[in-house]
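Read the structure below first, then the notes.
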Amino acid sequence: MDYAQKVAVVTGASSGIGYVTARAFAERGSIVVGVARREGLLQKLAEECRTHSPASGYLAGDLGDREFAERVIGDTVQRHGRVDFLVNNAAISKHKQFYHMTADEAEYVMRVNFLSCVWTTMAAIPHMLRQGGGSIVNISSFAAKVSPPRETMYAASKAAMNAFSEGLWNDLAGSNIHVSVINPGPIDTEIWLKEDEPVAYHGPKYPPEIVTDAIFEAIEKRRHEFTVPRRNPQLVMARFLRLFFPSVLRYGIARMEPVPGEIVDRARARAARGKRLGELDEG
Ligand SMILES: NC(=O)c1ccc[n+]([C@@H]2O[C@H](COP(=O)([O-])OP(=O)(O)OC[C@H]3O[C@@H](n4cnc5c(N)ncnc54)[C@H](OP(=O)(O)O)[C@@H]3O)[C@@H](O)[C@H]2O)c1
């Protein structure tokens, strides 16, 4: 695969997997357009990318806004003439009890994690068709396969992304636009520091580079789906149980991370006072 002078849009490029991936595209000679909200971090990324690929840059904005998500592709093509690689990686996790989630928060998770990927993809396809092909890589999560406790909306957004990616793979057959989806397990990034409520998981976390490697393998070998790490015994066991004994898996997860009785009692008391989900004031 020749990456030189190709154009790569990487969303969620201000930190973690997106940052490492954007840099890796630049190291291979691609022009990188990094996308996220924190402009200072994107500037730093762009400076690093420019040492390998001088035309690289960034676009700062909120991908939960459809107009911005579409503009990411429009501005990229206007500036660089093409878009060869689209890595839809931006996401938020919203780890919290579902009783504590507002409808606005639920909608925002879907907009950032799932719909932004639909919007950028729809904007990119005509350009990829015109230029003869391209690669779209969607960064999902193992949560799309096994829904972790307190991550209901996150898991739903990622499951939607997987279904979208599979459907797209079918629908784009014959177009030379390849679609992949990567399901990372626990990766050592700052996403774990941004959780709304404490996380019970304290097991091993893997470096973001394993996801970046999977992205390039997916592009180069035209593979559709990867779960990384590939041989983590817990993930393998969870997949096995999810496929063949889903109720055993559900009961096991509920026992490992039960919902505290006082959380349910408080939610019930708020409901008795006519509160909606997420209205946590005790008055
Ligand atoms: N780390 C893990 O254990 C793990 C496991 C499974 C899947 N994943 C997936 O891997 C991807 C990357 O996550 P990460 O671990 O690298 O976490 P991260 O460091 O928190 O990266 C998330 C990126 O998304 C961007 N982002 C969030 N909301 C955005 C918005 N509204 N508009 C634009 N950009 C937004 C963030 O930048 P700004 O805040 O600057 O906007 C950041 O660059 C995500 O899709 C995540 O779901 C991660």
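The values are calculated or read from the model by the stated rules, or taken from the named source; none is laboratory data. Quick caveat: nothing in here was measured; it's all calculated off a predicted structure. Cβ: placed from backbone, ideal geometry, glycine included. Neighbour counts: every protein chain shown. All accessible areas refer to the heavy atoms of the entire protein, side chains included, with ligands and DNA or RNA removed. Shrake-Rupley method; radii C 1.70, N 1.55, O 1.52, S 1.80 Å.
Figures for the structure shown
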read-out	value
Subset of the range 89-128 (residues that are under 13 Å from the mean Cα position of the chain (by Cα), open to solvent by 30 Å² or more (accessible area, probe 1.4 Å) and among the β-branched types (Val, Ile, Thr))	Ile92
Neighbours by Cβ (under 7 Å, 6+ apart or cross-chain): first from the range 71-88, within 21 Å of Thr212 (Cα to Cα); second aromatic (Phe, Trp, Tyr) and buried (at least 16 other Cβ atoms within 10 Å of the Cβ)	Phe85/Phe25
Test: Asn170 is open to solvent by 10 Å² or more (accessible area, probe 1.4 Å), in contact with a Gly (Cβ under 7 Å, 6 or more places away or on another chain) and either more than 16 Å from the ligand (Cβ to nearest atom) or of a type in the set (Asp, Glu) (or both)	no
Breaking point among (1) buried (at least 18 other Cβ atoms within 10 Å of the Cβ); (2) more than 16 Å from the ligand (Cβ to nearest atom); (3) assigned to a loop (DSSP other than H, G, I, E, B), for Ser175	(1)
Subset of the range 218-228 that is of a type outside the set (A, V, I, L, M) and within 21 Å of Gly133 (Cα to Cα) - its residue that is least open to solvent (accessible area, probe 1.4 Å)	His224
Long-range neighbours under 6 Å by Cβ, at least six apart or interchain, first residue at pLDDT 95 or above within the range 250-270, second of a type in the set (S, T, N, Q)	Ile263/Gln97
Of residues in the range 34-71 being in contact with a helix residue (DSSP H, G or I) (Cβ under 6 Å, 6 or more places away or on another chain) and within 17 Å of Ile125 (Cβ to Cβ), the one nearest to the ligand (Cβ to nearest atom)	Ala69
Residue within the range 207-217 that is touching a residue at least 24 places away in the same chain (Cβ under 8 Å), surrounded by 12 or more Cβ atoms within 10 Å (Cβ to Cβ) and over 22 Å from Tyr19 (Cα atoms) present	no
Residue ID - farthest from Met153 (Cα to Cα), chosen from residues in the range 178-196 that are touching a residue at least 40 places away in the same chain (Cβ under 8 Å) and either basic (Lys, Arg) or loosely packed, with under 12 Cβ neighbours inside 10 Å (or both)	Glu190
Residues (free of Cβ contacts under 8 Å to residues at least 40 places away in the same chain and within 15 Å of the ligand (Cβ to nearest atom)) located in the range 1-18	Ser14
Residues of the range 16-31 satisfying the condition of being surrounded by fewer than 24 Cβ atoms within 10 Å (Cβ to Cβ) and either over 15 Å from Thr51 (Cβ atoms) or out of contact with any helix residue (DSSP H, G or I) (no Cβ under 7 Å at 6 or more places or on another chain) (or both)	Gly16, Val20, Glu27, Arg28, Gly29
Counted residues, the range 154-177 - those being without any contact (Cβ under 8 Å) to a residue 12 or more places away in the chain and of a type outside the set (A, V, I, L, M, F, W, C)	4
Filter result for Arg231 (of a type in the set (D, E, K, R) and either free of Cβ contacts under 8 Å to residues at least 12 places away in the same chain or near the ligand (Cβ under 10 Å from one of its atoms) (or both))	yes
Residue in the range 236-253 that is open to solvent by 40 Å² or more (accessible area, probe 1.4 Å), under 18 Å from Ser141 (Cβ atoms) and in contact with a strand residue (DSSP E or B) (Cβ under 8 Å, 6 or more places away or on another chain) present	yes
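Listed here are the residues, each with its yes/no results for (1) farther than 13 Å from Asn138 by Cα; (2) out of contact with any helix residue (DSSP H, G or I) (no Cβ under 7 Å at 6 or more places or on another chain); (3) part of a loop (DSSP other than H, G, I, E, B); (4) more than 11 Å from the ligand (Cβ to nearest atom).
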{"residue": "Ala163", "(1), (2), (3), (4)": "no, yes, no, yes"}
{"residue": "Ile191", "(1), (2), (3), (4)": "yes, no, no, no"}
{"residue": "His202", "(1), (2), (3), (4)": "yes, yes, yes, yes"}
{"residue": "Val211", "(1), (2), (3), (4)": "no, no, no, no"}
{"residue": "Ile219", "(1), (2), (3), (4)": "no, yes, no, yes"}
